[in-house]
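J.: Got a structure here, written out as structure tokens. Questions coming.
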Amino acid sequence: MIKRKIRVVTFLAPNMLPLYEFTIDYVSRKLNYPMELVVGSSYDALEGADFSFICGLPYALRTSPRRNSSPIIALVAPVLQGDRYRGRPIYFSDVVVRQDSPFQSFADLRGRSWAFNEPESQSGYGITRYWLTKLGETKGYFSEVVEAGFHQKALQMVDDGRVDASAIDSLVLAIEFRDHPEFVDRFRIIDTLGPSTIQPFTAATHIPPSLSADVQGIFLEMHTDSQMADVLGCGFIERFVAVQDSDYDDIRSMLRACEAANFLVLK
């Protein structure tokens, strides 16, 4: 065990923070060792992290085979509730518009405005960039592309009419619909991009392998605790499963396709 409080950093959407506070508290109690969960304002915070909840794209970028060494190792990832996830650690990006908009599919958004959360997000940026690459639409598809900062802010921009559409992480969207039932009548999902392998929980490479294994084991059995099963269920998580670096090759493949098309900036 390391000789200080274990530091866990989350880079995921703010509406998921309560869920991960519960999970880290549970891991801390099972380890019988103090842990703290902090919100990372930039990926530089990885340098001071022992463990992290991180999006798949920044994970893939920081563990690329092109790098001499990787600072983090994937341990587990959630399996979400619902048939669409097929019992696998995947998620989707749901393309959302206002309920009263005329748009019926992604194809209707040519020449329209678009919001994304941040440029290292797979769900909001990477998958959209890849989708346009597959369509051969790399010269400028949207009339305007706006960085919102978070998925919730992008959703608010759609609601306010500041932009026409956005791709929202399907788990983030489910939590928003749970917490704000009125949103169900204010938004429509017109298309779905993906799937992508879902965001991993990672260990820094300076963490002793025995501690990483202990933490991974606690996550893997978490759903068997009745109280934690209820907590996970409230966050639409069925269970956590073990993942490894190669599980994120799908995201690396999408990035390579965009690089080959010289299309790295969404437009």
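The values are calculated or read from the model by the stated rules, or taken from the named source; none is laboratory data. Computed from a predicted structure; not experimentally measured. In this analysis, Cβ positions are derived from the backbone assuming ideal geometry, glycine residues included, and neighbour counts consider all displayed protein chains. Ligands, DNA and RNA are stripped out before the accessible areas are found, and what is left, the full protein with its side chains, is counted by its heavy atoms. Shrake-Rupley method; radii C 1.70, N 1.55, O 1.52, S 1.80 Å.
J.: Report, ordered by chain and residue number, the aspartates and glutamates lying within cross-link reach of LYS267, taken as a straight Cα distance under 20 Å and ignoring same-chain residues fewer than 8 apart.
T.: ASP94, ASP108, GLU118, GLU120, GLU137, GLU144, GLU147, ASP164, ASP169, ASP191, GLU259
J.: Starting from the Cα of SER64, step 7 Å along the direction of its Cβ; do the same at ARG110; then give the gap between the two resulting points in nm.
T.: 3.2
J.: Determine the sum of side-chain charges near ALA257: Lys and Arg each +1, Asp and Glu each -1, restricted to other residues whose C-beta is under 15 angstrom from that of ALA257.
T.: Residues near ALA257 contribute 0 overall.
J.: Now, a different point. Non-local amide H neighbours of ILE237 (under 5 Å, H modeled in plane, Pro and chain starts lacking H): which ones?
T.: Sorted by chain and number, the residues that satisfy this are GLN81.
J.: Expressed as a whole number of Å, what is the distance separating the alpha-carbon centroids of region 1-77 and region 91-144?
T.: So the separation of the two Cα centres works out to 29 Å.
J.: Quote the relative contact order of region 1-147 in percent (integer), defining contacts as alpha-carbon pairs under 8 Å separated by 6+ residues. Please report the intermediate quantities before stating the final value.
T.: Working: 150 pairs, mean separation 28.1, N = 147.
Averaging sequence separation for qualifying contacts and normalising by length gives 19 percent for region 1-147.
J.: Antiparallel as a % of all DSSP beta bridges within the chain, to the nearest 5?
T.: On the way: 24 of 38 bridges.
Antiparallel bridges make up about 65 percent of those DSSP assigns within the chain.
J.: Any lysines with Cα under 25 Å of the LYS5 Cα? List them, leaving off those in the same chain fewer than 8 positions away.
T.: LYS30
J.: Heavy-atom accessible area per residue, region 1-56, 1.4 Å probe: how many Å²? Write out the running numbers ahead of the final one.
T.: Values: 2700 Å² over 56 residues.
Result: 48 Å² of accessible area for each residue.
J.: Let me check I've understood the local charge: for ASP108, count other residues with C-beta under 11 angstrom from its C-beta, Lys and Arg +1, Asp and Glu -1. What total comes out? Before the final figure, lay out the partial values.
T.: Numbers: positive: ARG110, ARG112; negative: ASP164, ASP191.
Result for the neighbourhood of ASP108: 0.
J.: Can you work out the Karplus-derived ³J(HN,Hα) for every residue in region 146-151? Use 6.51 cos²θ - 1.76 cosθ + 1.60 with θ = phi - 60°, whole Hz, and x for glycine or proline.
T.: Going residue by residue, I get 10, 7, 9, x, 9, 4 Hz, with x marking Gly and Pro.
J.: While we're on this one: Tell me, what is the FRET efficiency for SER42 and ARG4 to the nearest 0.05, using R0 = 30 angstrom and their Cβ-Cβ distance as r? Write down the numbers at each step before the final one.
T.: On the way: r = 22 Å, r/R0 = 0.75.
It comes to 0.85.
J.: Moving to a separate point now. In deg cm²/dmol, rounded to 500, what helix-only [θ] at 222 nm does the chain give when every DSSP H run of at least 4 residues adds -39500 (n - 2.57) and the total is split over its residues? List each step's numbers first, then the result.
T.: On the way: 8 runs with 85 residues, N = 267.
It comes out at -9500 deg cm²/dmol, rounded to the nearest 500.
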